[in-house]
Amino acid sequence: MVSTSKCEYCGATLKSSDRSCPQCGAPNPNYVPDSERQIFLPKTIEELQEYCAERGMPLLRMRFFIGEDFKEPKAFGIYQDGEDFVVYKNKANGERSIRYRGPDEEYAVSELFAKLLEECHNRGIYPDGKPAEAPDRNAAKAANRKTLKLFFAVLFLIGITGTGFRMMAHRKDGYYVINPGDVYYHYGNDWYTVYEDEWHEVAEFPYEVFDDYYAGDDYNSDWGVSDFRQSEAWEKIEEQHSSGSSDYDDWDSGDTDWDSDW
């Protein structure tokens, strides 16, 4: 997952995917190669949301609804219902098939994540890294051993550095309320707030400790601001999801088998 830090030379914001500072060109000591980011496995709904946002996945067009109990036909999704996490598929006829319902969020996320990758791979898209062409069995085994070694090396590095690459530090999407009228919305890697009666993207949340201000993803008019999901900023996000990145331009949800249970 992509994390951010400050350049020690000019103070610009660096992403862990940046080899060097985009402002002054200084090397980024927190740079993480693509191969290490790609092996990251989301374990929570929030982590899965960020995984998809970082890769520019047009989830609306892909028909994946993460953190939402979507009711219409032709949809895969995951959401939390009380203490349970629900993974579902809505078939073409509107019938719902429950893949999992239970308290294990990591397992629930892994089920939907595996389906998401399967749908991508079926279309020749590899957000988790493209496999080598026509590998033999021994080469495949060697590659798997190498990937596992790399995976555990990353986990070890995270453990011994405390913060590591901050791969496990994920902000929840939704509203953050400091005071009535002083409200922020977090989506993916971005923050938004209201000024001049409109929602605008801002650089960061004003406080380092943000979890104390989390109010959930449901809008409340008592906050004294407009609903973020009815704003122009949200419309731009949906437009980006609809257009997607070049890898997803030709995505057709009609290629999915919507009549099967899963």
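Values quoted throughout were computed directly from the atomic coordinates according to the rules given, and no laboratory measurement underlies them. Owing to the predicted nature of the structure, the values given are computational and were not obtained by experimental measurement. No Cβ is skipped: glycine too gets one built from the backbone with ideal geometry, and neighbour counts run over all protein chains shown.
Taking the Cα-to-Cβ direction at residue 10 and at residue 208 and moving 7 Å from each Cα, how far apart do the two end points lie in nm?
Result for the modelled spin labels: 2.5 nm.
By the scheme Lys and Arg +1, Asp and Glu -1, what is the net charge of all other residues having a beta-carbon under 14 Å from that of residue 22?
+2
So what is the relative contact order for the stretch 71-123, in percent, with contacts set as C-alpha pairs under 8 Å and at least six apart? Before the final figure, lay out each step's value.
Working: 81 pairs, mean separation 15.4, N = 53.
Over the stretch 71-123, the number comes to 29 percent.
Order of 103-109, 50-56 by packing, highest average Cβ count within 10 Å first? List each step's numbers first, then the result.
Numbers: 103-109: 16.3, 50-56: 19.6.
Going from most to least packed, we get 50-56, 103-109.
May I ask for the net charge around residue 81, where only other residues with Cβ less than 10 Å from the Cβ of residue 81 are counted and Lys, Arg are +1 while Asp, Glu are -1?
Values: positive: 101; negative: 69, 83, 84.
Net of charged neighbours comes to -2.
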